[in-house]
Structure formats: structure tokens, C-alpha cells
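The structure appears below as C-alpha cells.
The values are calculated or read from the model by the stated rules, or taken from the named source; none is laboratory data. The structure presented is a predicted model; accordingly, all values stated were derived computationally and were not measured. Ideal geometry is used to build each Cβ from the backbone, glycine not excepted, and the neighbour counts take in all protein chains shown.
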Amino acid sequence: MIFQKNKYVGLILITSLLTLGFILMSGRGSSDPNVYSEEIFSFRRITLAPLIIVGSYGALICLILKKPTN
């Protein structure tokens with residue numbers, strides 16, 4: 001195996017966090033194209049989801065670069 005078992009578990013957890021972040025960022029649009037939806041600028045899409053994604057990428061980089069323990 002290239003990585004230890006705990007790194008694979010971490011990769012799975014971080015990948016699920018990334019997926020959660022992208023799901024939170026997406027959302028349905030307006031049902032009527034002539035009406036502007038203010039939901040685009042919600043806290044979830046503008047603040048929470050990008051923080052989860054950036055944090056997940058940071059954790060992923062730290063996990064990959066961490067030296068293996070014997």
C-alpha cells in the first residue's frame with residue numbers, strides 16, 4: 001500500500017467533506033426565469049460552503065504531506 005490505513009480513512013473523510021461543501025454551494029435556481037432569487041446570496045452559499053471546501057483542501061494537503069509514523 002502506498003499510504004497507511006489511517007491516511008485512507010482520512011482521505012475518505014476529507015472527500016466526503018468536499019462533497020458536502022459542493023452540495024451546500026449548489027442549490028436550485030428560480031423556478032421563474034423572470035424573477036430574481038435572493039437565495040443565491042445566502043450565508044450557506046457565500047460563507048459556509050467555501051469555508052468547508054477551503055478547509056477540506058487544507059486538511060487534504062496536510063494529510064498527504066504528513067510524514068508516516070513507524
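Suppose the filter is loosely packed, with under 14 Cβ neighbours inside 10 Å and among the aliphatic types (A, V, I, L, M); does Ile46 pass it? Yes; evaluated as a whole, the condition is true for this residue. Scan segment 1-33 for residues that are under 16 Å from Cys62 (Cα atoms), under 12 Å from the mean Cα position of the chain (by Cα) and polar (S, T, N, Q) and the total you get is 1.
Of all residues in segment 28-50, how many are among the hydrophobic types (A, V, I, L, M, F, W, C) and either touching a helix residue (DSSP H, G or I) at 6+ places or on another chain (Cβ under 8 Å) or on the phi > 0 side of the Ramachandran plot (or both)?
Step one: filter segment 28-50 for residues among the hydrophobic types (A, V, I, L, M, F, W, C), giving 35, 40-41, 43, 46, 48-49.
Now drop any that are not either touching a helix residue (DSSP H, G or I) at 6+ places or on another chain (Cβ under 8 Å) or on the phi > 0 side of the Ramachandran plot (or both), which leaves 48-49.
Qualifying residue count for the region: 2.
How many of the residues making up segment 17-70 are assigned to a helix (DSSP H, G or I) and under 19 Å from Gln4 (Cα atoms)?
Start the filter on segment 17-70 by keeping residues that are assigned to a helix (DSSP H, G or I), which leaves 17-25, 38-41, 43-65.
Still in the running and under 19 Å from Gln4 (Cα atoms): 59-65.
Count: 7.
The single condition among (1) modelled with pLDDT under 95; (2) of a type in the set (Phe, Trp, Tyr); (3) under 21 Å from the mean Cα position of the chain (by Cα) that Tyr36 does not meet is (3).
Against the numbered list (1) touching a residue at least 24 places away in the same chain (Cβ under 8 Å); (2) touching a Ser or Thr at 6+ places or on another chain (Cβ under 9 Å), Ile53 comes up short only at (2).
Could you tell me whether segment 1-9 includes any residue that is charged (D, E, K, R), part of a helix (DSSP H, G or I) and at pLDDT below 95? Yes, segment 1-9 contains a residue that is charged (D, E, K, R), part of a helix (DSSP H, G or I) and at pLDDT below 95.
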